[in-house]
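Just so it is clear, none of the values below were taken in a lab; they were calculated from the coordinates. The model shown is predicted, which means the values in this text are computed figures rather than measured ones. Glycine gets a Cβ as well: all are built from the backbone with ideal geometry, and neighbour counts include every protein chain shown.
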Amino acid sequence: MTDLADSAASPATPTLPAREPLLKVEGLTKHFPVRSGLWGKGSVVRAVENVNFEVRPGETLGLVGESGCGKTTTGRMLVRLLEPTSGKITFNGEDITHTKGSRLRKLRQDIQIIFQDPYASLNPRHTVGRIVAMPLQVNGIEPPGGVKRRVQELLETVGLNPEHYNRYPHEFSGGQRQRIGIARALALQPKLIVADEPVSALDVSIQAQVVNLLRQLQRDLGLSFVFIAHDLAVVRHFCERIAVMYLGRMVEVGTRQQIYENPAHPYTRALLSAVPDVTKLGGAGRIKLEGDVPSPIDPPSGCVFHTRCWKAQEKCAAEAPVLLPNPNGSVAACHFPETGAVI
Amino acid sequence: MTTSTSPAAAAVDPEAYLQVRDLKVQFPTEDGLVRAVDGVSFSVRRGQTLGIVGESGSGKSVTSMSILGLHNPARTKISGEISIGGQNIVGMKEEKIQKLRGKDVAMIFQDPLSALHPYYKVGAQIAEAYKVHHPSASKKEASTRAVDMLNRVGIPQPQRRANQYPHEFSGGMRQRAMIAMALVNDPALVIADEPTTALDVTVQAQILELLEDLQREFQSAIIMITHDLGVVSQVADDVLVMYAGRPVETGSVEQIMKRPQHPYTWGLLASVPSLHGDANVDLVPIKGNPPSLINLPTGCSFNPRCRYAGQNGNRSFSEVPELRPAGEDGHNVACHMSFETRQRLYAEDIAHAGVAQ
């Protein structure tokens, strides 16, 4: 598996200018030990396996995949809510893989997270003002003009009425709550925001409001985003570069155009064709994947996708593919990458 | 394409299996009367799929619950008519509804993990659903039937799977088991309430395909309740768009998706990000939030969020628009704007945004 890290680290971003990456992830791996039964044999869930990517300043990277593909685990390792099993995370030139204590607190000023569930991620007994002020308070930051003014500014930035400072989360709708979560993430003026499915719990009309807000913040504040989502259409709208994950591994990385118009990995194609398309009534020409995602406790040999891939050959079961540039422009881990555009 | 949805005023469709006319469901609460459904009419024939679209709180789930007779009559005011295979179930005795429920009308719920009992084996739960309506069937017959159904919905090794508990199933498999349970008595009408919302797109595609196959085989009528226009466009023959408990637009799936007439439908279409077109164009969201069902805005309940409210003087704010024919046969819309105005606005403002492009 070490060869994968070597070959993938550099060509993962072949199309971008040589700027220093803000975030660099190398060989990131997370295993969760599990036990079946009280005295059962211990085994390991390979949630994230040897993942490499970079995020440049002001860039938005989308992490997409089905549930259980390790995208949330990856995001949580980036903000250091989970301890990586192995691998290296470099932020702003500094190795942050195992940072602890006050240094970690300092680091979290630069990397913030927006959670999926706007109901569970806000303390119901705190006022909005207190929730948004919390990051400032924890870090002992006294903004010029006072905490209250700063919080009201933040509320205004995310499109909430600053007069709602003293209200409680239950007085807000789902979309407004997500705005509160965004204001809290912005409080410390972070450089990078990890957004973990920030709009998937919202109604369609509200979802569009929040996506537009995030796009505007990204443009105005020059933030970098790692945007985790399962909705490929939302990701296309928000991210310049997209990484597709399957069973804890990265299977394809490319620009928006490469991933959505000329995807090389069969899994990316299947994922795209499964998205219900309003323009195609009746859903003709869909690529159907059989069965379920295999268990990450006992992943298939070779290419982990070979059990569901219609192009799989003997080689796929024997040998794990590495992320390599392909004729379609993206970087894909496939022995027999697809060519040509999506129909 | 013939359409089986009809406005309140239109004639009864004699071939319809389910006929809902002027359904009103209201819940008296301490804060006031919640008008969850306020005058909805539609009908579905066997072998046809009706998609009901709307946001949370638009009344789509309440409508489906009343078709199953699931509301507590002590706390609910229901009026109108729900005729299932010729029998009106509004005001029907609970014992009689029980005979229909599960046999003639079945439901597929959104979250299979909470809809399946965690303590009983999947096979036993399906067998129970069968035995309720076939009291003379032996235990063995019922469990054979359960395994058959699991096989029919594409669960591998159904014999072994029937002996497992819901937690041993993956999300997609659980939803298949739910579908097996719903179909075990060959219902003529299946109500699917957001059946794929909790699933990944790849699994969603499998489940939608399965439902279509089963519909072809059993000729059942399906009501697909969803907020996802994509799902509706894949499976529905007819579409009913609801807003704040009222129907705002009905028509064939093609009319609604390709030639929508109501500003709310436009808003839904323009706010959904698309896989095609220019990704750098901002989405066009519907401003504001859905209204409270206790305090509906006067006039058209969409008026506070409608970009075009006030086009016809004061009517949007004072007069509730009725569903009226919108040009094409079977296409009805509840909007005060004239057909010409809507055509012009759609072409100018909407046709380029979101999935509407």
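I want the local charge near A:R219. Using Cβ-Cβ distances under 13 Å, sum +1 for each Lys or Arg and -1 for each Asp or Glu among the other residues.
Net charge in that neighbourhood comes out at -3.
Which trypsin sites (Lys or Arg not before Pro) from region A:108-181 combine a DSSP loop assignment with at most 12 other Cβ atoms within 10 Å?
A:R125
Please report the spacing between the Cα centers of region B:71-149 and region A:247-285 in Å, no decimals. Between the Cα centres of region B:71-149 and region A:247-285 lies a distance of 39 Å. Neighbour counting of Cβ atoms within 10 Å sorts the residues A:C309, B:C300, fewest neighbours leading, into A:C309, B:C300. Computed over region B:262-356, relative contact order equals 36 percent, with contacts defined as Cα pairs under 8 Å that lie 6+ residues apart. With the simple model of a label 7 Å out from the Cα in the direction of the Cβ, B:T341 to A:I141 spans 4.9 nm. What's the FRET efficiency of B:L113 with B:Q157 using the Cβ-Cβ distance as r and R₀ = 22 Å, to the nearest 0.05? Rounded to the nearest 0.05, the efficiency is 0.60. Helical runs (DSSP H, four residues minimum) scored at -39500 (n - 2.57) apiece and divided by the length of chain B put the mean residue ellipticity at 222 nm at -9000 deg cm²/dmol.
If a/c stays under 1.5 just call it rounded; otherwise compare a/b with b/c (prolate if a/b is bigger, oblate if not). Do that for region A:258-333, with a ≥ b ≥ c from the square roots of the Cα gyration tensor eigenvalues. Verdict is oblate for region A:258-333. Evaluated with a Cβ-only charge set (Lys, Arg +1; Asp, Glu -1), the protein assembly as shown carries a dipole of roughly 1580 debye about its Cα centre, given to the nearest 20. Each of A:V331, B:V190 was scored by other Cβ atoms within 10 Å of its Cβ. Listed from fewest to most, they are B:V190, A:V331. Peptide B:201-214 shows a mean partner chain C-beta count of 5 within 10 Å per residue C-beta.
Between A:G68, A:G282, A:G159, find the one with the highest GNM mean-square fluctuation for chain A; connect C-alpha pairs within less than 10 Å. Comparing A:G68, A:G282, A:G159 in the GNM, the peak value goes to A:G282. With a Förster radius of 56 Å applied to the C-beta separation of A:N166 and B:S138, the computed FRET efficiency comes to 0.30. Among A:I182, A:H126, A:H164, pick out the residue whose Cα is farthest towards the positive end of the charge dipole of region A:124-189, where Lys and Arg carry +1 and Asp and Glu carry -1 on C-beta, about the Cα centre. Working it through, the farthest residue towards the positive pole turns out to be A:H126. Counting charges near B:A177 (Lys, Arg +1; Asp, Glu -1) among other residues having Cβ under 12 Å from its Cβ returns a value of +4. For region A:217-311, averaging the sequence separation of C-alpha pairs within contact (under 8 Å, six or more residues apart) and dividing by the residue count gives a relative contact order of 20 percent.
Cross-link pairs exceeding 19 Å between alpha carbons, from the set A:K280/A:K311; B:K24/B:K103; A:K24/A:K88; B:K24/B:K60; A:K24/A:K191: A:K280/A:K311; B:K24/B:K103. For chain B, the relative contact order is 20 percent, taking Cα pairs closer than 8 Å that sit 6 or more residues apart in sequence and dividing their mean separation by the residue count.
Which of A:E156, B:E249, B:E30, B:E348 has the fewest other C-beta atoms within 10 Å, and how do the rest follow up to the most?
In increasing order of surrounding Cβ atoms, one gets B:E30, B:E348, A:E156, B:E249.
Please report the net charge: other residues with Cβ closer than 13 Å to the Cβ of A:A133, K and R +1, D and E -1. Taking every other residue near A:A133 into account, the sum is +3. For A:S43 and B:R259, the FRET efficiency from 1/(1 + (r/R0)^6), where r spans their Cβ atoms and R0 equals 45 Å, is about 0.20.
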